Structure formats: structure tokens, C-alpha cells
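See below for the structure under consideration.
The values are calculated or read from the model by the stated rules, or taken from the named source; none is laboratory data. A quick note: this is a predicted structure, and the numbers were derived from the prediction, not measured. Counting neighbours? That spans all protein chains shown, and the Cβs are built from the backbone with ideal geometry, glycine included.
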Amino acid sequence: MERLGLRTRQVRERLSAAGPRPVIWMHALSVGEVTSALPLVKAIRESIRPAALVFSATTHSGKELAERLIAPHVDLVLFSPLDFPCAVRRCLDAIRPSCFILVETDFWPNWLRQLQRRQIPAMLVNGRISEKSFASYRRFAFFFRPMFRCFSLLSMQTAQDRDKMLALGIPAERLVCLGNLKYDLPARQAAPPDLASAYDHRLVWGCGSTHPGEEELIFAAFKKLAGLHLRLIIAPRKIERGGELLNLARSFGLNAVLRSSGAAGAENSVFILDTIGELAGCYSLARLAFIGGSLVDEGGHNPIEAAAQGVPVLFGQHMEDFAEIARDLVDCGGAAVVTAETLAETAAAIFNDDALHTAMSGAARRLVEQQRGGVARHVQAVQELLAISIDVK
């Protein structure tokens with residue numbers, strides 16, 4: 001009902017309770033984008049008063065995390081409307097946003113066209129374009145170019161991303177590079193207390209956002225490292241695969257437990273993180289991290305959560321979706337690229353060599369510190385868009 005825009009009376013009442021004021025609507029797709037948005041949400045709340053903030057998410061897991069992380073800093077957390085003109089119109093009529101902010105890439109053509117028709121400024125933040133997506137955008141430019149031109153401002157993560165947008169025919173004056181919001185996440189995120197008391201960070205290997213085809217390689221490498229008395233925390237990209245990983249680990253002769261079972265696990269065991277929003281905290285327990293989606297052709301996932309906490313990072317060759325971040329981490333010495341054949345050997349070297357671990361840890365943390373500051377630049381851009389919107393109206 002909410003996705004169809006049929007629960008808008010409560011939205012109107014909540015937003016009108018404090019009287020007339022600008023309304024900023026922010027939208028994120030799922031868990032990763034919600035996490036990325038948190039620093040910007042906090043900064044907008046602190047810097048742009050008395051604006052009302054509405055935050056929407058597409059997936060159930062994204063909304064669940066937003067209820068925990070984002071809700072304390074905004075006026076409303078909602079499911080995003082389905083991209084049907086009638087549903088979008090109902091939501092826009094109820095929220096009446098002064099500007100709209102889209103986090104990363106979750107493009108909905110009807111939604112964007114409705115914003116443009118109503119002269120509501122739309123801003124893309126943390127924008128990125130993988131090579132695979134770029135090929136699709138170029139092939140179907142007749143569809144994507146008008147959609148991208150619905151944005152008043154597109155803030156891309158890197159100069160390469162900006163160049164790709166230019167190649168698609170987006171006017172240069174609408175394109176900026178304001179930095180990656182992920183670098184502004186808290187440097188240290190606390191682990192759940194029960195896990196913090198059960199795990200020694202020197203003995204933990206944290207593997208995040210893993211995909212089918214990778215877990216077998218990780219479990220095989222973990223068995224080779226049995227002499228180190230490690231514990232493995234593994235978080236599948238899709239938490240509903242927890243039971244599947246439980247069976248897979250047991251097929252390797254490993255003692256595995258699910259986070260959802262309430263058990264903390266024992267030495268030389270596999271702890272499967274089948275919960276939402278705890279991975280970043282679990283990285284704080286790890287001596288070494290592996291980033292999933294990279295040993296299989298899935299484009300990789302965000303390595304910054306681990307690097308920000310001074311955890312050396314491993315990933316495979318498929319980091320296309322985070323190519324610049326991955327390259328910078330490798331170049332500074334905070335990360336290493338592995339294959340299925342070198343995974344166990346590289347991990348063992350970092351676990352066993354204190355000097356190597358210290359060097360990689362410091363390099364990863366320094367890179368993240370050097371890249372911070374994007375949130376402040378984004379807030380300034382939002383303020384300028386909001387001023388334009390208010391002047392027009």
C-alpha cells in the first residue's frame with residue numbers, strides 16, 4: 001500500500017505538523033546505499049535547519065536498516081513508491097519535496113520525469129558507472145540520456161565516472177566530483193557486545209559480502225590455515241543464504257554456526273553472519289578482511305568499511321564496481337589482490353607477519369583519512385539546490 005502511494009494521509013499530517021518548511025527527500029536502494037547515506041543524512045540534519053527530511057528505501061532489508069540507522073535523524077522513513085506514474089504522483093503530492101537526493105544508482109524513469117515536470121531539483125550523490133553499465137547506457141542512449149538529464153546535478157565519485165557521463169551527452173555544468181561518501185563513515189564501528197567479548201581480533205578473518213562460488217574457496221583456504229587457530233566470520237551478500245552456507249561449511253568438515261542462532265562459535269569455527277547491519281562492526285574484530293564479489297565476476301563490494309578500521313584487505317580481480325578505490329588501496333599498500341590459488345598463502349603471510357600487518361593496517365587507514373571531507377561538499381551543493389528551489393517557488 002505504501003509503495004502504491006495509498007498511505008499518504010499520515011505522511012501529510014506528519015510533515016505539516018511543524019508548519020511550512022523545506023522538505024528534502026533522500027532515497028537509497030538497499031543496505032549498502034543506506035549505510036553510505038548516513039553521514040550525509042546526519043550532516044544535512046545538523047546544517048540545513050529547519051528542513052524536514054524524508055528517507056525512502058527500495059528493499060525490505062534497506063528499509064529495516066534505515067529504521068535503525070537513519071530514523072533518529074529524519075522525520076520519516078518510507079518504502080519508495082513503485083515506478084508507476086500514479087504511485088509517484090501520490091507520493092510527490094503528499095511529500096511535496098523542495099529537492100530530491102538519490103544515493104548512488106537506482107534509477108526510476110517515471111519518478112525522475114515527474115520531478116522534472118514539477119521543477120523539483122534532483123541530485124545524484126555518490127554516482128558511479130561500471131564498465132558494464134556504461135556499455136549498456138551507450139547502447140541504449142536514447143533511453144538513458146533523457147533520464148540522466150532529469151537531474152539538476154550529478155555528483156560522481158571519480159573523474160572517470162564524470163567522463164563517462166560526459167560521453168553520454170550530459171552537460172558539463174551539471175557534473176561535479178565531490179568525493180565518495182563512503183570515506184566519511186565512522187572510522188571505528190563497534191562490534192556487537194556479545195561478539196566483542198567472544199572474539200580476539202588477532203584470530204579473526206572477516207569475509208564480507210560473499211557470493212556463490214566464493215565461499216567454497218574461502219572454506220578451502222580456511223582449512224589450510226587451521227594451524228593458526230583462526231575463527232572465520234563470513235557474511236553472505238544475501239543473508240537468506242545463511243542455511244546454505246551452514247551446510248556448505250559442514251561439507252568441508254568445519255564447525256559452523258549461524259549468527260541468528262545466538263551462538264558465538266568456538267575456535268577453528270565458521271561464524272555465519274546472517275543478520276543486517278553488523279558487518280562493519282565485525283570488521284573491527286578482524287585481523288584481516290576479504291571483500292566478496294571479487295573472486296567471482298560480480299564487480300566486487302565496498303572495501304572502505306574494513307580499511308577505515310585499519311584492517312588489511314584482500315580481494316580478487318573482479319573489483320570493477322570499486323575499481324578506483326581498489327587500485328588506491330593496492331597502490332598505498334593497504335590491500336592485496338588474490339586468486340583462488342593464492343588466497344590461503346597471502347592470508348597466512350599477513351596473519352603471521354606483524355610488521356607486514358602493521359604496515360598494511362596503517363596504509364589502509366591513512367588512505368581513508370586522506371579521502372574524507374566529501375560530506376561537507378555535498379551539503380553545500382544541497383544547500384545551493386534548495387536555495388534555487390525556494391527562489392523558483
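Look through the range 304-327, keep the residues that are surrounded by fewer than 19 Cβ atoms within 10 Å (Cβ to Cβ) and of a type in the set (D, E, K, R), and return whichever of them is modelled with the highest pLDDT.
That would be ARG327.
Quick one: in the range 8-28, of everything that is of a type in the set (Gly, Ala, Ser) and not in a strand (DSSP E or B), which residue is farthest from VAL382 (Cα to Cα)?
Among them, the one singled out is ALA17.
Identify all residues within the range 366-375 that are surrounded by 15 or more Cβ atoms within 10 Å (Cβ to Cβ) and assigned to a helix (DSSP H, G or I); write none if there are none. I'd like the intermediate steps shown before the answer.
Step one: of the range 366-375, the residues surrounded by 15 or more Cβ atoms within 10 Å (Cβ to Cβ) are 366-368, 371-372, 374-375.
Those that are surrounded by 15 or more Cβ atoms within 10 Å (Cβ to Cβ) and assigned to a helix (DSSP H, G or I): ARG366, LEU367, VAL368, GLN371, GLY374, VAL375.
Residues THR358, THR275: which one is polar (S, T, N, Q) and assigned to a helix (DSSP H, G or I)?
Testing whether each residue is polar (S, T, N, Q) and assigned to a helix (DSSP H, G or I) leaves just THR358.
Checking HIS301 against (1) under 23 Å from ARG372 (Cα atoms); (2) surrounded by fewer than 24 Cβ atoms within 10 Å (Cβ to Cβ); (3) in contact with an Asp or Glu (Cβ under 7 Å, 6 or more places away or on another chain); (4) not basic (Lys, Arg), which test does it fail?
That leaves (3) as the condition not met.
In the range 193-213, what count of residues is obtained for those that are surrounded by 17 or more Cβ atoms within 10 Å (Cβ to Cβ) and under 22 Å from the mean Cα position of the chain (by Cα)?
7
Search the range 339-365 for residues being exposed (fewer than 13 other Cβ atoms within 10 Å of the Cβ) and of a type in the set (S, T, N, Q), and hand back the single one that is nearest to ALA187 (Cα to Cα).
Restricting to residues being exposed (fewer than 13 other Cβ atoms within 10 Å of the Cβ) and of a type in the set (S, T, N, Q), the top hit is THR358.
Does VAL23 satisfy the criteria of being within 23 Å of LEU185 (Cβ to Cβ), crowded, with 19+ Cβ neighbours inside 10 Å and of a type in the set (Val, Ile, Thr)?
Details: within 23 Å of LEU185 (Cβ to Cβ): no; crowded, with 19+ Cβ neighbours inside 10 Å: yes; of a type in the set (Val, Ile, Thr): yes.
The answer is no for VAL23.
Return the residues of the range 177-189 that are modelled with pLDDT of 85 or more and surrounded by fewer than 16 Cβ atoms within 10 Å (Cβ to Cβ); say none if nothing qualifies.
none
Return the pair list, or none, for Cβ contacts closer than 6 Å from residues in the range 76-91 that are under 26 Å from ARG45 (Cβ atoms) and among the basic types (Lys, Arg) to residues that are at pLDDT below 95 and part of a strand (DSSP E or B), at least 6 apart or on different chains.
So the pair list comes out empty.
Residue by residue through the range 251-264, note down the ones that are touching a helix residue (DSSP H, G or I) at 6+ places or on another chain (Cβ under 7 Å) and either outside any loop (DSSP other than H, G, I, E, B) or touching a residue at least 40 places away in the same chain (Cβ under 8 Å) (or both).
ALA256, LEU258, SER260, ALA264
For the structure I just gave you, tell me whether GLY208 is more than 30 Å from CYS150 (Cα to Cα) and touching a His at 6+ places or on another chain (Cβ under 9 Å).
yes
Could you please find all residues in the range 200-234 being more than 20 Å from LEU279 (Cβ to Cβ) and not in a helix (DSSP H, G or I)?
Listed by number, the residues that qualify are LEU225, HIS229.
Name every residue in the range 35-62 that is at pLDDT 95 or above and either under 13 Å from GLY277 (Cβ atoms) or touching a Phe, Trp or Tyr at 6+ places or on another chain (Cβ under 6 Å) (or both), in order of residue number.
Within the range 35-62, VAL54, ALA57 qualify.
Looking for something surrounded by fewer than 21 Cβ atoms within 10 Å (Cβ to Cβ), among the aliphatic types (A, V, I, L, M) and more than 22 Å from the chain's Cα centre (by Cα) - is there at least one such residue anywhere in the range 41-61?
The answer is yes; a qualifying residue exists.
For the range 9-19, indicate whether the set of residues that are under 21 Å from ALA387 (Cα atoms), out of contact with any helix residue (DSSP H, G or I) (no Cβ under 7 Å at 6 or more places or on another chain), charged (D, E, K, R) and assigned by TED's automatic domain parsing to the domain that holds GLN119 is non-empty.
Checked against the condition, which is being under 21 Å from ALA387 (Cα atoms), out of contact with any helix residue (DSSP H, G or I) (no Cβ under 7 Å at 6 or more places or on another chain), charged (D, E, K, R) and assigned by TED's automatic domain parsing to the domain that holds GLN119, the range 9-19 yields no hits at all.
Give just the number: which of (1) in a helix (DSSP H, G or I); (2) over 21 Å from VAL375 (Cα atoms) does ARG3 not satisfy?
The single condition ARG3 does not satisfy is (1).
Identify all residues within the range 280-298 that are more than 17 Å from ILE233 (Cα to Cα), buried (at least 22 other Cβ atoms within 10 Å of the Cβ) and not small (Gly, Ala, Ser); write none if there are none.
The first filter runs over the range 280-298 and keeps only residues more than 17 Å from ILE233 (Cα to Cα), leaving 294-298.
If we keep only those that are buried (at least 22 other Cβ atoms within 10 Å of the Cβ) too, we end up with 294-295.
Once the filter is applied, which keeps residues that are more than 17 Å from ILE233 (Cα to Cα), buried (at least 22 other Cβ atoms within 10 Å of the Cβ) and not small (Gly, Ala, Ser), the range 280-298 yields only LEU295.
Hey, among ARG237, ARG250, ARG259, ARG241, which residue is among the charged types (D, E, K, R) and crowded, with 20+ Cβ neighbours inside 10 Å?
So the residue among ARG237, ARG250, ARG259, ARG241 that is among the charged types (D, E, K, R) and crowded, with 20+ Cβ neighbours inside 10 Å is ARG259.
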